[in-house]
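The values are calculated or read from the model by the stated rules, or taken from the named source; none is laboratory data. As the structure is a prediction and not an experimental result, all values here were calculated from the model. FYI the Cβ positions are ideal-geometry reconstructions off the backbone, even for glycines, and counts take in every protein chain you see.
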């Protein structure tokens, strides 16, 4: 039974047929891991906590710097020097005290112990990292566990986002970026980034997550959306033909 307080708080999204009461109940029971609590992860966290996703696990080893503040809008100047996962947890708890928030202050990567078990009780993983090693680790462990995940990246005036199902019938991250690919990825440290581009990609990630977790319909699995802010252009590419990518 959904309480009057819950009905009032989430009334505007419960009105949506894609959410409804049943979807809101599913959101309240969902468990999501956000790997990376910087520009993308902090904003996705705000969206998911605000929408009433019941359990969020925040994973990041980094500390907040002054140069982060222009795009990592969940944080405040007083948070500088604080672990991002810890600071983001405080912001999300202040936003919605009904959501259970965990902060894990550590790097996520293939050589880190217990990373696979960290995802074992999770329904969906949000990739908000800034390196290929972590993304390939997310791909590996979520595929082994049959968990969907949503990848996002932003740099300069461009961004990209894609959602992978638990089955990977649509293809996988290795179809886009092979594990032996040594080309540099999106790096806002050296190339810069416009804050609003980060906001666009984080909003797409959160949107895919909420649509999936509400359970009324599926996201567009395997559809890579590439955003060009300067030209206001979105390119849409499917990563693999029907039947899967063939990666073991």
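Note on segment 81-100: among residues that are touching a helix residue (DSSP H, G or I) at 6+ places or on another chain (Cβ under 7 Å) and under 26 Å from residue 197 (Cα atoms), the one that is surrounded by the most Cβ atoms within 10 Å (Cβ to Cβ) is 88.
Close contacts from segment 209-222, counting a first residue that is without any contact (Cβ under 8 Å) to a residue 24 or more places away in the chain and a second that is assigned to a loop (DSSP other than H, G, I, E, B) and buried (at least 22 other Cβ atoms within 10 Å of the Cβ), with Cβ to Cβ under 8 Å and a gap of 6+ residues or different chains, come to none at all. Criterion applied to 57, 78 was being surrounded by fewer than 16 Cβ atoms within 10 Å (Cβ to Cβ) and more than 13 Å from residue 202 (Cβ to Cβ), and the one residue passing it is 78. Among the residues of segment 125-144, those that are touching a helix residue (DSSP H, G or I) at 6+ places or on another chain (Cβ under 6 Å) and within 11 Å of residue 33 (Cβ to Cβ) comprise 125, 126, 127, 128, 141.
A residue that is under 17 Å from the mean Cα position of the chain (by Cα), modelled with pLDDT of 95 or more and within 19 Å of residue 127 (Cβ to Cβ) occurs nowhere in segment 7-28. Being assigned to a helix (DSSP H, G or I), over 23 Å from residue 204 (Cβ atoms) and touching a strand residue (DSSP E or B) at 6+ places or on another chain (Cβ under 8 Å) is a property that residue 44 lacks. Considering segment 139-193 alone, what residues qualify as being touching a strand residue (DSSP E or B) at 6+ places or on another chain (Cβ under 6 Å), at pLDDT 95 or above and assigned to a helix (DSSP H, G or I)? Answer for segment 139-193, where residues must be touching a strand residue (DSSP E or B) at 6+ places or on another chain (Cβ under 6 Å), at pLDDT 95 or above and assigned to a helix (DSSP H, G or I): just 142.
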